[in-house]
1. I'd like the Karplus ³J(HN,Hα) series for region 451-467: coefficients 6.51, -1.76, 1.60, θ = phi - 60°, whole numbers in Hz, and an x wherever there's a Gly or Pro.
2. Using a/c under 1.5 as the rounded threshold, could you call the chain rounded, prolate or oblate? The axes a ≥ b ≥ c are square roots of the C-alpha gyration tensor eigenvalues, and prolate needs a/b larger than b/c, oblate otherwise.
3. Got a sec to turn the phi values of region 76-81 into Karplus ³J(HN,Hα) couplings, 6.51 cos²θ - 1.76 cosθ + 1.60 with θ = phi - 60°, whole Hz, x for Gly and Pro?
4. Lys and Arg at +1, Asp and Glu at -1: add these up for the other residues within a Cβ distance under 12 Å of Arg313 and post the number.
5. In debye, nearest 20: dipole of region 78-176 around its Cα centre with unit charges on the Cβ of K, R (+) and D, E (-)?
6. Tell me whether region 164-259 comes out rounded, prolate or oblate; compute the Cα gyration tensor, take square roots of the eigenvalues as a ≥ b ≥ c, and use a/c under 1.5 as the rounded threshold.
7. Students often check this: by mean Cβ neighbours within 10 Å, which of 148-154, 228-234, 559-565 ranks highest, and how do the rest follow?
8. Per DSSP helix of 4 or more residues, -39500 (n - 2.57); summed, then divided by the residues of the chain. What does that give at 222 nm, rounded to the nearest 500?
Amino acid sequence: MTDDRSRNERIKEASDYLRGTLAEGLREEITGAIVEDDQQLVKFHGMYLQDDRDLRPERTRKKMEKAFAFMIRVRIPGGVLTPHQWLILDQVARDYANGSMRMTTRQTVQLHGIIKSNLKATLKQIDAAVLNSIAACGDVNRNVMCNPNPHQSQVHAAAIALTRAISDHLLPRTPAYREIWLDGERIAGGEEEVVEPIYGKTYMPRKFKIVVAVPPSNDVDIFAHDLGYIAILDDNGTIAGWNVTVGGGMGMTHGEPDTYPRTADVMGFCTTADVVKIAEAIVTVQRDWGDRKNRKHARLKYTIEDRGLDAFRAEVERRAGVKLAAARPFTFTSTGDQYGWSQGDDGRGHLTLFVQNGRVQDVPGAAQQTALREIAKIHQGDFRITPNQNLIIANVPTEQQAEIERIAREAGLLAPWSGLRRNSMACVALPTCGLALAESERYLPELMTALDEKLAAHGLSADDIVIRMTGCPNGCARPYLSEIGLVGKGPGRYNLYLGAAFDGSRLSKLYAEDLDHNGIVAALDPVFAAYASGRQKGERFGDFTIRAGFVAKTGNGADFHANVGAKARM
Ligand code: HEM
Ligand code: SF4
């Protein structure tokens, strides 16, 4: 029988539950890299092998090996950390990584620039903080996200409890992580069902992403994820159960219309008691039905397109032994964060800070990393990373609020005045991401300064408009769900997408291709002008661009590449 599975499938199968030759590779001092097959496996342990792309030309000239280093992504369900854990990650970043911490769009922390010989020391420190990076990347269930809304603390408590239960249940069981990184005893391999009862030897066909949302906030961007749960409240404000969403995803490839972003479908409603059972059933159906030949067609979104939602639901219900009820009504209002102070039920305060693109660092005039360290040293509540790459200092007693706010203000961590900047996200891209076609994190702030000038001229400075940028079409900052989406096409060049919904429920549409800096500003300025003069009361920018005919409306994923261009706009 021929084996037409993708190469990654064979690597996973032969890896002995994610061990591969990682332990040997770490001891190999002649190179800063690891062998190719292990590069795939190390992702399941929460790491990527990268190289500093800024240094590539010089090192090539000098005939040196690339400047290899690893990125480690920590697993932080719901984005909640204690101040002690924050301090350890901050220390590790300065001792072993490039000095900074990067909060991500999926509520985790990434550390960049860790050389191979420091990996074990880094992971030991992370372990000492009762954290790890298991399944933060790779073909498994990744970090489970959760609305960190501290305003409704009881509902939030239920949502985070559920988040942790789902996360724990779907964690890989292989002891490989402990063996390789923490010098644990080698535990003999067993039967597939024993080692990985849910995943088996070949894990998932592709990454799998789960979120939990608490309306009216859609900050987790539920429609971008494989599986989501929406809290549905009773009239008296307690949780009645959860709507289940399936089949969202962002990634696509330029020039390949068979690949597209897709918003998730609402599949039904279940009680809290059934949530984990349903999650496991959905994971195993995708494990068995997902495409293992073509990785570009391997996400759940394509399984649902190919098989249909009804067939998928029936199989999930059969495996879970649970019949889903009809989905209940819900309303989302936005995907953004509510900056500043909010008071919880118990009188404690929660301060949402703005951290540009999630990059925690000290730069001249803004010692933000130092400031957050100072806050962590005195803070008795917790730190919550938001799905928008921001940070909430949560559960602050009244007597400490002034001091914490002072530290934050002095470091420039309070929300900026610009409505665009307040609603912005960028993926990491250059210099670390090997897939980046263009800059993102290092460029978006500068672009926004230019756009803010135009917005000011039209009187739109304070308007909340969602803008997101990524360095390639994989979509790590979910650009196809932002009102202004910019996706790297090549060095200094971007595709511009418009028309997504402010509440995260509708994808955008390609508006213009291959724009450089001036091209982006020139393309957007007339749209801003039209919005300023022609919008209806309360009309969002994304909705306006459709009504005014700048772009056609995108229904769902398969429709994403349709009706693009001038003709569609006439
Ligand atoms: C489909 C293909 C994708 C691939 C191959 C991919 C690969 C990567 C890589 C290599 C990085 C590391 C960049 C760095 O830190 O230097 C990264 C970062 C990240 N990716 Fe993806 N990614 C994909 C799609 C997505 C999507 C759709 C999401 C979210 C919905 C996502 C979420 C993230 C997050 C949260 C980060 C951390 C940095 C940030 O917050 O910007 N990825 N991805
Ligand atoms: S969107 Fe592309 S460039 Fe940006 S981090 Fe993800 S893979 Fe890298």
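1. Using θ = phi - 60°, the values come out as 5, 4, 4, 5, 4, 4, 4, 9, x, 10, 3, 8, 6, 6, 10, 7, 10 Hz.
2. Numbers: a/c = 1.23, a/b = 1.15, b/c = 1.07.
Judged from the Cα gyration tensor, the chain comes out rounded (a/c under 1.5).
3. 9, x, x, x, 9, 10
4. On the way: positive: Arg307, Arg318, Arg319, Lys323; negative: Asp265, Asp310, Glu315, Glu317.
Residues close to Arg313 contribute a combined charge of 0.
5. Values: 9 positive and 5 negative charges, 34 e Å.
Once rounded to the nearest 20, the dipole reads 160 debye.
6. Numbers: a/c = 2.71, a/b = 1.47, b/c = 1.84.
Note, shape of region 164-259 comes out oblate.
7. On the way: 148-154: 19.4, 228-234: 21.0, 559-565: 16.3.
Peptide ranking by packing, descending: 228-234, 148-154, 559-565.
8. Numbers: 19 runs with 185 residues, N = 570.
For the chain, the value works out to -9500 deg cm²/dmol.
Each value in this text was obtained by applying a stated rule to the coordinates, not by laboratory testing. Note that the coordinates shown come from a computational prediction; the quantities given were computed from them, not determined experimentally. Cβ coordinates were reconstructed from backbone atoms using ideal geometry, including for glycine residues, and neighbour counts include every protein chain displayed.
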